[in-house]
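Visitor: My questions all concern the structure below.
The values are calculated or read from the model by the stated rules, or taken from the named source; none is laboratory data. Remember, it's a predicted structure, so these values are computed and weren't measured experimentally. Backbone-built Cβ (ideal geometry, glycine too); neighbour counts: all protein chains shown. Each accessible area value is taken on the protein alone, full model and side chains, heavy atoms only, with ligands, DNA and RNA left out. Shrake-Rupley method; radii C 1.70, N 1.55, O 1.52, S 1.80 Å.
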Amino acid sequence: MNMQKELISVIIPVYKHEKELGLALESIKKQTYTNVEVIIEKDELREGAPVMRNRGLEKAKGDYVIFWDADVVAEPEMLEKLKNILDNNSEVSFVYCNYYFGKKKMSARKFDAQELKKNNYIHSTSLIRKKDAVKWDESLKRFQDWDLWLVMFEQGKSGVLVNEYLFKIIAKGTISSWLPKCAYKKPWKYLPGIKSRVEKYYKAREGIVKKHHLI
């Protein structure tokens, strides 16, 4: 069945990534699934990505939405592959995939609610049925995507993994701010320049744990 007639709304929040945005848009233009609308929300007042994503969601006219970060460059078949999964799995609300974080492979895992309660393994750039989409928590500074998937799970919605690397995050600023796993362990987490970042990480994580009663 040809499902190209169904519209996909691509929502792009933009802050400081104008240079990368051009590459992101070019990769959208090259998608084999062509019935898309692109909604760009520029964060001129530093309101945060969740605010921009919610604004885009309100404007979206598609049957599906995908929150496509401005520094994401996708493989040409990504939208088509993700949508095909939803077409063949009517019981699921969203579909996600593996990706590259610079040169590092970021592997997701098969949807497992218990594992999701422990840690997030689903990137925000995932295809969601518009009727099942929920608003982002605009009060959160970190873990917004983890919160989103937990909210959807709590509403009885689930996802499915496409076990392929279908996009890459290219922004150097984002990559340089990432800390390796060892940074959260002794003695590294006590080092100057790392300690404060680790403390902020755990404080933000604790907020998610309390909100969703994960203890």
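Visitor: Quickly run through the range 73-88 and pick out the residues that are acidic (Asp, Glu) and open to solvent by 70 Å² or more (accessible area, probe 1.4 Å). So that I can check it myself, show each step before the final result.
Guide: Step one: list which residues in the range 73-88 are acidic (Asp, Glu), which gives 75, 77, 80, 87.
Across the range 73-88, the qualifying residues are Glu75, Glu77.
Visitor: For residues in the range 175-199 being over 30 Å from Ala74 (Cβ atoms) and open to solvent by 100 Å² or more (accessible area, probe 1.4 Å), which is modelled with the lowest pLDDT?
Guide: Only one residue fits best here, namely Trp188.
Visitor: Of the numbered conditions (1) surrounded by fewer than 18 Cβ atoms within 10 Å (Cβ to Cβ); (2) in contact (Cβ under 8 Å) with a residue 40 or more places away in the chain; (3) part of a loop (DSSP other than H, G, I, E, B), Ala70 fails exactly one; give the number of that condition.
Guide: If we test Ala70 against (1) surrounded by fewer than 18 Cβ atoms within 10 Å (Cβ to Cβ); (2) in contact (Cβ under 8 Å) with a residue 40 or more places away in the chain; (3) part of a loop (DSSP other than H, G, I, E, B), just (1) comes out false.
Visitor: Let me ask another. Among (1) among the aliphatic types (A, V, I, L, M); (2) open to solvent by 30 Å² or more (accessible area, probe 1.4 Å); (3) modelled with pLDDT of 95 or more, where does Leu45 come up short?
Guide: Condition (3) is where Leu45 drops out.
Visitor: Which one of these does Glu91 not meet: (1) assigned to a loop (DSSP other than H, G, I, E, B); (2) buried (at least 19 other Cβ atoms within 10 Å of the Cβ)?
Guide: All conditions are met except number (2).
Visitor: Output the number of the condition that Glu20 fails; it satisfies all remaining conditions of (1) charged (D, E, K, R); (2) in contact with a strand residue (DSSP E or B) (Cβ under 6 Å, 6 or more places away or on another chain); (3) open to solvent by less than 40 Å² (accessible area, probe 1.4 Å).
Guide: Only one criterion in (1) charged (D, E, K, R); (2) in contact with a strand residue (DSSP E or B) (Cβ under 6 Å, 6 or more places away or on another chain); (3) open to solvent by less than 40 Å² (accessible area, probe 1.4 Å) is unmet by Glu20, namely (2).
Visitor: Using the structure shown, decide if Glu26 is in a helix (DSSP H, G or I), open to solvent by 10 Å² or more (accessible area, probe 1.4 Å), over 19 Å from His123 (Cβ atoms) and modelled with pLDDT of 95 or more.
Guide: For Glu26, the condition - in a helix (DSSP H, G or I), open to solvent by 10 Å² or more (accessible area, probe 1.4 Å), over 19 Å from His123 (Cβ atoms) and modelled with pLDDT of 95 or more - is met.
Visitor: Out of all the residues in the range 147-157, is one or more modelled with pLDDT of 90 or more, out of contact with any helix residue (DSSP H, G or I) (no Cβ under 8 Å at 6 or more places or on another chain) and among the charged types (D, E, K, R)?
Guide: The answer is yes, given that some residue of the range 147-157 is modelled with pLDDT of 90 or more, out of contact with any helix residue (DSSP H, G or I) (no Cβ under 8 Å at 6 or more places or on another chain) and among the charged types (D, E, K, R).
Visitor: Which count do you get for residues in the range 152-174 that are over 18 Å from Lys110 (Cα atoms), of a type in the set (A, V, I, L, M, F, W, C) and open to solvent by 30 Å² or more (accessible area, probe 1.4 Å)?
Guide: Summing the residues that are over 18 Å from Lys110 (Cα atoms), of a type in the set (A, V, I, L, M, F, W, C) and open to solvent by 30 Å² or more (accessible area, probe 1.4 Å) in the range 152-174 gives 1.
Visitor: Now for a separate question. Which condition breaks for Gln114 when tested against (1) assigned to a helix (DSSP H, G or I); (2) touching a residue at least 12 places away in the same chain (Cβ under 8 Å); (3) open to solvent by 20 Å² or more (accessible area, probe 1.4 Å); (4) of a type outside the set (Gly, Ala, Ser)?
Guide: Result: Gln114 passes all but (2).
Visitor: Same structure again: Right, Asp137: open to solvent by less than 50 Å² (accessible area, probe 1.4 Å), in a loop (DSSP other than H, G, I, E, B), at pLDDT 95 or above and charged (D, E, K, R) or not?
Guide: yes
Visitor: Same structure again: Report, by residue number, each residue of the range 94-111 that is out of contact with any strand residue (DSSP E or B) (no Cβ under 8 Å at 6 or more places or on another chain) and either assigned to a strand (DSSP E or B) or surrounded by 11 or more Cβ atoms within 10 Å (Cβ to Cβ) (or both).
Guide: Across the range 94-111, the qualifying residue is only Lys104.
Visitor: Looking only at residues that are touching an Asp or Glu at 6+ places or on another chain (Cβ under 7 Å) and part of a helix (DSSP H, G or I) in the range 51-67, which one is most open to solvent (accessible area, probe 1.4 Å)?
Guide: Arg55
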